[in-house]
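Undergrad: Once you've had a glance at the structure underneath, I'll fire off some questions.
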Amino acid sequence: MENNNIFAKTHLVTPQEPPAITTDNLQVYYGDNHAMHDASLSFPEHQITALIGASGSGKSTYLRSLNRMNDDLATVKGKIMYHGIDINASDVNVYEIRRHIGMVFQLPNPFAKSIRENLTFALKAYGIKKKSELDERVETSLKEAALWDEVKDNLNRSALSLSGGQAQRLCIARSLAIKPDVLLLDEPASALDPISTAKIEATLLKLVKKYTIIIVTHNMQQASRISKYTAFFHLGHVLEFDTTSHIFQEPQVPVTRDYVLGNFG
Amino acid sequence: MDLKSPSKATNEDRRGRIITYSCIGIIIVLVVSILYFIASRGLATFIQNHVNVFRFLTGTQWNPSLLDSHGQPEVGALPMITTSFLVTILAAIVATPFAFAVAIYMVEIAPKRGTKLLQPVMELLVGIPSVVYGFIGLTVIVPIVRHIFGGTGVGILAGTLVLFVMILPTVTSLSVDALTAVPMYLRSASLALGATRWQTIRKVILRAAMPRLLTAIIFGMARAFGEALAVQMVIGNAALMPTSLVSPTSTLTSQLTTEVGNTVMGTIQNNALWSLALILLLMSLVFNLLVHFIGKRGEIK
């Protein structure tokens, strides 16, 4: 009974800016396990929105639903609206959805290929064959991900020879190469050292001018440094969604206050 | 406080070390003596019987009890060497696509159903004794080959088909291991980029697993190269240079098993067989080195 009381008190605002993605009453089940309850959020265009919460709070599960990476793994109910289309509708092409809504994962996961091939893989799969266009996309996306200067001398070297931070920026560049609209990041800096983390954050702050960014993070300083909006997840519920400054300075929900003060985590 | 004298713990350590080292020592002595024995008998052909090594490797006449025009025993091993390599390579070429297809199905496409259905089939194929494979080859494959291609039906083609089935489970199960070892996050990364499952398998997973897949093929080839009994039953056992895929011939192993009962230790006939065994030994060394080399390359890339 006590749990129900915790989840009864929520504070969810709707941002003024036009939304890139909205979710309405999103539920996720792993078999019988109800991992995500009733998440109704609206992510404004060209802003960074942070999803925070303790481990197991459902934020990664939620994020993975947004470009249908939970297909075959979990059952997703409710609506995810993207440009007026419910992305879970049966007539939606899942591959096209993922081209528009890109994703970067927690661990840097470059393919066992050269740096160039990592970037051109999706483009070639999409049918782009012209070398000049491929080269142009490689250079643009590496520059956007702030990796160009470090690797431009040898794009043919194995991507596995990059450092962790470089590899993660390569993964960001790889997602950008297909020119997505929304970029989902699942704790992209949690496996990296502070200097690499700072580089990733600087990159994201530049990218937000062109892309809508949704980032899951365990690091509350990171959320407050880079995001405009923050959603607080707790045990599969979204308890609070507001501007980041409100969440960190005057949280409305007691559980949120405990979390941002570091009383649990 | 006594910090320097031995205790129960140090004695246990010492006893454990002695047991481990003596077991290792026995194995090492065993391996070295096997190598020494094969090498000394195998080289006797060249040292005691004064056979020219080059002529041994390139000669096409195998008749150790006769002398050739140079007054040397006729021990040309090229027919056996050629046949051994041909059946090995052909069997690997035929088996690889099937093994990869089964492995991809079991790991990527239907992990539950595939494993439940195909795992027992593969284990069954491993469990069938090679003499049974040879028997089936002799009674089923040889007549079919004879019917379609003419001749006697025995030869490289029949040997290839028997070996293909025999190495299939080896290559398949190692390929399954290779694909399973590809980390899940590479699949996620590819799918998140909008790649289809087939593009993911072809461009990402097979590429990442390539060193271990090559290793799987080489282990299959090593098995094919060393298989004696089943091959002997379908290859024809004539120490002749193969003129086609359906002409009777002989592999290194089948020549050994065919002749070994008819020779006396220390004679040229016997020494020549040891030389064939030496080639087999060197080739298995080459296969091992290849596996090692590919593994090393795979790590760095």
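Only the coordinates and a few stated rules stand behind these numbers; no lab work does. Given the structure is predicted, the values throughout are model-derived calculations rather than measurements. Heads up, the Cβs are rebuilt from the backbone with ideal geometry, glycines too, and the neighbour counts pull from every protein chain shown.
Undergrad: If exposed trypsin sites (Lys or Arg not before Pro) are those in a DSSP loop with at most 15 other Cβ within 10 Å, what is the longest stretch of chain A that has none?
TA: Within chain A, the longest run free of exposed trypsin sites (Lys or Arg not before Pro) spans A:10-128.
Undergrad: Can you tell me the FRET efficiency between B:Tyr185 and A:Asp32 if r is taken as the Cβ-Cβ distance and R0 is 22 Å, rounded to the nearest 0.05?
TA: Approximately 0.25, to the nearest 0.05.
Undergrad: Taking a label point 7 Å from the Cα of A:His46 along the Cα→Cβ vector, which residues of the stretch A:199-230 have an amide N closer than 20 Å to it?
TA: In the stretch A:199-230, the label zone of A:His46 (backbone N under 20 Å from the point 7 Å along Cα→Cβ) covers A:202-215, A:226-230.
Undergrad: Which residue, B:Ile268, B:Ile28, B:Ile156, tops the fluctuation ranking in a GNM of chain B built on C-alpha contacts under 10 Å?
TA: B:Ile28
Undergrad: From a point 7 Å beyond the Cα of A:Asp135 in the direction of its Cβ, which residues of the stretch A:103-129 have a backbone N at a distance under 11 Å?
TA: Residues passing the 11 Å test: none.
Undergrad: Just report the Cα centroid separation between the stretch A:108-163 and the stretch A:217-265, whole Å.
TA: 36 Å
Undergrad: Identify all lysines with a Cα-Cα distance to A:Lys129 below 22 Å; exclude those on the same chain that are fewer than 8 residues away in sequence.
TA: Hits, sequence-local ones excluded: A:Lys113, A:Lys143, A:Lys152, A:Lys179, B:Lys203.
Undergrad: What is the distance, in nm, between label points placed 7 Å from the Cα along the Cα-to-Cβ direction at A:Ile195 and at A:Asp153?
TA: In this crude spin-label approximation the distance works out to 1.7 nm.
Undergrad: Mind pulling the per residue volume of the convex hull built on the Cα atoms of the stretch B:209-290? Å³ is fine.
TA: Per-residue hull volume (Cα only) is 107 Å³.
Undergrad: Another question about this same structure. Can you tell me the FRET efficiency between B:Ile18 and B:Asn288 if r is taken as the Cβ-Cβ distance and R0 is 22 Å, rounded to the nearest 0.05?
TA: Working: r = 30 Å, r/R0 = 1.37.
About 0.15, to the nearest 0.05.
Undergrad: OK, next. Which of B:Met241, B:Met166, B:Met283 ends up with the largest GNM mean-square fluctuation for chain B, with Cα atoms connected below 10 Å?
TA: Highest fluctuation among the options: B:Met283.
Undergrad: Among the chymotrypsin sites (Phe, Trp or Tyr not before Pro) within the stretch B:180-273, which fall in a DSSP loop and have no more than 14 other Cβ atoms within 10 Å of their own Cβ? Numbers along the way, then the final one.
TA: On the way: sites: B:Tyr185, B:Trp198, B:Phe219, B:Phe225; in loops: none.
Of the chymotrypsin sites (Phe, Trp or Tyr not before Pro), not one in the loops of the stretch B:180-273 has a Cβ with at most 14 other Cβ atoms within 10 Å.
Undergrad: Divide by every residue of chain B the summed helix terms, -39500 (n - 2.57) for each DSSP H run of at least 4, and state the resulting mean residue ellipticity at 222 nm, rounded to the nearest 500 deg cm²/dmol.
TA: Rounded to the nearest 500, the figure is -23000 deg cm²/dmol.
Undergrad: Projected onto the charge dipole of the protein assembly as shown (+1 at Lys/Arg Cβ, -1 at Asp/Glu Cβ, origin at the Cα centre), which of A:Leu26, B:Thr200, B:Thr258 gives the Cα projection farthest towards the positive end?
TA: B:Thr258
Undergrad: What spacing in nm lies between the two simple spin-label points modelled at B:Arg146 and A:Asp91, each 7 Å away from Cα in the Cβ direction?
TA: Distance between the two pseudo-spin positions: 6.5 nm.
Undergrad: Contact order normalised by length for the stretch B:153-226, with contacts defined as Cα pairs under 8 Å and 6 or more residues apart; what percent is it?
TA: Values: 40 pairs, mean separation 35.4, N = 74.
So the answer I get is 48 percent.
Undergrad: Could you give the size of the charge dipole of the protein assembly as shown about its Cα centre, using +1 on the Cβ of each K and R and -1 on the Cβ of each D and E, expressed in debye and rounded to the nearest 20?
TA: Details: 49 positive and 40 negative charges, 169 e Å.
Roughly 820 debye for the protein assembly as shown.
Undergrad: Given contacts defined as C-alpha pairs under 8 Å and at least six residues apart, what's the relative contact order of chain B, whole-number percent?
TA: Rounded, it is 24 percent for chain B.
Undergrad: How big is the gap, in Å, between the Cα center of the stretch B:125-180 and the Cα center of the stretch A:93-107?
TA: Cα centres, the stretch B:125-180 to the stretch A:93-107: 45 Å.
Undergrad: Could you run the Karplus curve 6.51 cos²θ - 1.76 cosθ + 1.60 with θ = phi - 60° over the stretch B:149-157 and give me ³J(HN,Hα) per residue in whole Hz, x for Gly and Pro?
TA: 9, x, x, 8, x, 7, x, 5, 5
Undergrad: What does DSSP give for the protein assembly as shown in terms of the percent of beta bridges that are antiparallel, rounded to the nearest 5?
TA: Details: 27 of 49 bridges.
So the antiparallel bridges in the protein assembly as shown amount to around 55 percent.
Undergrad: Now for a different question. GNM on chain B, C-alpha springs below 10 Å: top fluctuator among B:Ile205, B:Ile141, B:Ile26?
TA: B:Ile26
Undergrad: Ok, one more. I'd like the mean, over residues of A:189-200, of how many other protein chain beta carbons sit within 10 Å of each residue's own Cβ.
TA: Average neighbour count from other chains, rounded to a whole number: 0.
Undergrad: Would you kindly compute the Cα radius of gyration of the protein assembly as shown and its largest Cα-Cα separation (Dmax), both in Å?
TA: Final numbers for Rg and Dmax: 32.9, 104 Å.
Undergrad: Given 20 °C and 1.002 mPa s, how large is the Stokes-Einstein diffusion coefficient of the stretch B:52-131 in µm²/s, with Rh as the Kirkwood radius over Cα pairs?
TA: Taking Rh from Cα pairs, D becomes 132 µm²/s.
Undergrad: So, one more: Considering amide H positions built from the backbone, and no H for Pro or chain starts, which residues 5 or more places from A:Val104, or on another chain, come under 5 Å of its amide H?
TA: A:Leu184, A:Leu185, A:Asp186
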